[in-house]
Every structure is written in C-alpha cells, then in structure tokens.
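Below is one structure, written out as structure tokens; the observations come after it.
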Amino acid sequence: MSFETPLCEELYQVLLYKPEVSDYRLTFVPGKADGNHHFLIHEEEGQVEAICFKYTLLAVFEESHRILAQIQNGNFNNRSQSDVYISTLGFFLATPENRSALNLHEKAFYELLRRSNDFESLKLLKQELAIVERLLTSTNNRLNKSSSLWCLYRKLSVISKVLNFENPNLISVFIHSGNRHISNYYCWNSVRWFFDVVSLTEKDRLFEATQMFCFKNIKDASSWSTFSYMVCQQSRKSCFNLTDCERLGKHIGLKESHVGNPGWLVLNVETVAKRILNLIDTASAADWPPYHCLLAIYNEFPKAVTPVIPPSWSEDIIIFEKKHKAICLLRNNPLIPKEFADDLLISSNFRHLGYKKLLIQKLHKLNQNNITLTS
C-alpha cells in the first residue's frame, strides 16, 4: 500500500512559506488551478496570499482520509511520526473538527518534540505555530472559527512558556482572524484566555489592540464583550483561564506548571468609559455593542461610570422625540416608524438615540436596585 501524500506535503510547504511574514492570508476560491499547480502564491509589499482552489481542497481531503483509514487499520504502524504529522494536515484544511485526525496530529507533534534537542524543539514549535496561525487567519470560517484549532493554539502557547519563546505574532493573529469574520466568538474567547495568562506587558498590548479593533468595528459584539471583560478583570480576578492553562499543561504531559499568576492589569475605568462615550457621540453609534460594553463596566464599577454619562444625552432624546416621534423599543431594539424608514439619516438617529435611551433606562434601573439593596 502507498503512503505517499504529495498534496499534504505541498500544503505543508505552502503553510510554511516565508514563516517570518505575519501578514499572510490563506484564501479559498472555487474552481481548479491551471496546469499542475494545486496552490498559488501571490506576494506584494510584505504580504503573502496563498490561494487554495475548491478542487485542491477536496483532493487534499481524499488523500488525508485514505491515509487516516490505513493508519487506523494498523497498516502503517512503522511509519515515522513526521509522515503521520504531515498527512493529518489535510484534515485541518478540510475538516478541522475531526478528533481522530487531531489526536494523531498532536501525538505525532509531541513525540517529535520529545525526541528533539532544544534547538530542534524551538524550530518545530515555530513551524507548528505558523501552520496553526495561518489556518486560523484564513478566509474559511470552518478554520478561523474552529474550536479545536483555537484550543491547539492555546496548547502551543503553554509549550512556548516551557521553551521560553514569546510569540511575536500573537496579537496580529487575533486581529486578522477577527477581521476575517465579524463577531468571531472563538477568536475573541481565546483573546480572553490569552489576556489572563500572559504577562502584564502583553496584557497591556493586547488591551490596546482590542480597544483599537472595537473602535473600528462598532458592530462586532464578540470583540466588545471581550473588551469589557478586560476592563472588569481587575475587579473580578477570575482565575478560570489560569486554571485551564494548567489543565492544558497536564494534558500535554508537562510535570510542572509554567503558568503562575502574571497579575491583573489595572486600568483607569473612568477614562475608558469616557473614550467609549466619545466614540458613541462622534460616530453616532447606531449599534448596541458599545452601549452594552458600558453597561457591563457599570455593573462592575458603578461609581466610575455614572458621573461620565452626559446630561445632554437625555436632552437630545427629548428634543428629537418632540421634533419627530417618541422612540419605542421592542425587545431592546429601537423601532423605526414607517414614515421614516426611507430616510437614512433619521432612521440612523432613531437607532443611535434609541440605544442611548435604552442604556439610560438600564443604568437607572440598576442604580435603583443598588439603592434598594443598600438601604
């Protein structure tokens, strides 16, 4: 029987093409490549785009599936771990949630690490990080939203701690993946995880990058939820992700914990709240995520948020309702009257001021509950 995996080996080379380039995009397109090419590489000004055709995707999957079946049947127990490692990459490309292929891949990778010296181990880690990062930042939602791949990325970060390697691409991976798919829950949930386990310096960089992303993507609910989580952690001090990091270390087979407690990032909450308020006003935000972020921060820091809500918000709402119509809310969403449905400016103002009205109502309700509880 043949154990040849030419497509998986080509995929391996494509994913490791110029690993030093952080702006790498794996793009999937329909059709079939011309000639004998299965992938195309396009470079321009420090950017690399690897193009995978649908025909190639199917062919890679068929090749991996054939090899996996042979391995599971015990036909290739004598094959090297490198062979198994490369042959499982085809499953990552097509069906990243295949647990059998994932377990085989991880087992082969860990065995290769165990047999390597320090220099070789670091090289293997960097290669595996590059492969996983480029899958997570691809244009295919099955990849950039794969819970298994994000979990593997966390495991690789635990190994990085053991090898004293600080991944320079960490933040760019989250930003690229977040840009590929709006409200990528799996990406931003991983950002929370990394935010808790990295050093204070990295926490600060991750916070600033997340804030910048949110302010450019007002509709992205997942990133805004993560942003509020970062702000509130200095009060909550949730250790769940630290515990999970230790659990992953034990799963990998590490005898000692390399996590520790990196500490909690202390932020000026009032300053953060003012930035969000300024964004809402200057951008005339007509989507709920930034308002919801403020509400979450208020729940944790009511004294810091309440003073920064400007009285002009209520005044603007009153003036608008007198001029047009009362803003009504249905299931926490502003309703746009039919007579204004075709007027984009007025419709947008109904949403913008409607969410301000909703936030004020919720803050008032929470404030009344706090007064009742403390009296």
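Return the residues of the stretch 212-227 that are surrounded by 19 or more Cβ atoms within 10 Å (Cβ to Cβ) and of a type in the set (S, T, N, Q); say none if nothing qualifies.
SER222, SER223, SER225, THR226
Among helices (runs of 4 or more DSSP H) lying entirely in the stretch 260-360, which contain 1 or more residues that are touching a residue at least 40 places away in the same chain (Cβ under 8 Å) and over 25 Å from the mean Cα position of the chain (by Cα)?
Once the helices (runs of 4 or more DSSP H) in the stretch 260-360 are filtered for at least 1 residues that are touching a residue at least 40 places away in the same chain (Cβ under 8 Å) and over 25 Å from the mean Cα position of the chain (by Cα), what remains is 302-305, 312-323.
When only residues in the stretch 242-259 that are assigned to a helix (DSSP H, G or I) and open to solvent by less than 60 Å² (accessible area, probe 1.4 Å) count, which is farthest from ASP220 (Cα to Cα)?
ILE252
Would you be able to say whether some residue in the stretch 201-211 is of a type in the set (S, T, N, Q), over 19 Å from HIS292 (Cβ atoms) and out of contact with any Pro (no Cβ under 9 Å at 6 or more places or on another chain)?
Just the residues of the stretch 201-211 that are of a type in the set (S, T, N, Q), to begin with: 201, 210-211.
This time we only want the ones that are over 19 Å from HIS292 (Cβ atoms), so: 201.
Next, from what is left, pick out any that are out of contact with any Pro (no Cβ under 9 Å at 6 or more places or on another chain): 201.
Yes, there is a match, as at least one residue in the stretch 201-211 is of a type in the set (S, T, N, Q), over 19 Å from HIS292 (Cβ atoms) and out of contact with any Pro (no Cβ under 9 Å at 6 or more places or on another chain).
Considering (1) open to solvent by 10 Å² or more (accessible area, probe 1.4 Å); (2) within 24 Å of ASN241 (Cβ to Cβ), say which one SER116 fails and leave the rest.
So SER116 meets the others, but not (2).
If ALA69 satisfies all but one of (1) within 17 Å of SER138 (Cα to Cα); (2) free of Cβ contacts under 8 Å to residues at least 12 places away in the same chain, what's the number of the condition it fails?
(1)
Among the residues of the stretch 172-205, count how many are within 15 Å of SER225 (Cβ to Cβ), among the aliphatic types (A, V, I, L, M) and surrounded by 20 or more Cβ atoms within 10 Å (Cβ to Cβ).
1
Within the stretch 139-161, can you find the residues that are open to solvent by less than 40 Å² (accessible area, probe 1.4 Å), within 12 Å of the chain's Cα centre (by Cα) and hydroxyl-bearing (Ser, Thr, Tyr)?
SER146, TYR153
For LEU143, indicate whether it is more than 17 Å from TYR186 (Cβ to Cβ) and assigned to a helix (DSSP H, G or I). If you could, list the steps in order and put the result at the bottom.
Numbers: more than 17 Å from TYR186 (Cβ to Cβ): no; assigned to a helix (DSSP H, G or I): yes.
So LEU143 does not fit the description; no.
For the stretch 230-240, enumerate the residues that are in contact (Cβ under 8 Å) with a residue 60 or more places away in the chain and either under 15 Å from the mean Cα position of the chain (by Cα) or buried (at least 18 other Cβ atoms within 10 Å of the Cβ) (or both).
The answer is VAL231, CYS232.
Does the stretch 6-13 contain at least one residue that is assigned to a strand (DSSP E or B) and either under 25 Å from the mean Cα position of the chain (by Cα) or aromatic (Phe, Trp, Tyr) (or both)?
The answer is no, given that none of the residues of the stretch 6-13 is assigned to a strand (DSSP E or B) and either under 25 Å from the mean Cα position of the chain (by Cα) or aromatic (Phe, Trp, Tyr) (or both).
How do the pairs read when you match residues in the stretch 29-45 that are farther than 9 Å from THR56 by Cα and open to solvent by 90 Å² or more (accessible area, probe 1.4 Å) with residues anywhere that are modelled with pLDDT of 80 or more and among the basic types (Lys, Arg), using Cβ under 9 Å and keeping only pairs 6 or more apart or on different chains?
From the stretch 29-45, the pairs are PRO30/LYS54.
The values are calculated or read from the model by the stated rules, or taken from the named source; none is laboratory data. Since the model is a prediction, treat every value here as computed from it, not as a measurement. Reconstructed Cβ throughout: ideal geometry from the backbone, glycine too, with neighbour counts over all protein chains shown. Note: accessible area is taken over every heavy atom of the protein model, side chains too, but ligands, DNA and RNA are not part of it. Shrake-Rupley method; radii C 1.70, N 1.55, O 1.52, S 1.80 Å.
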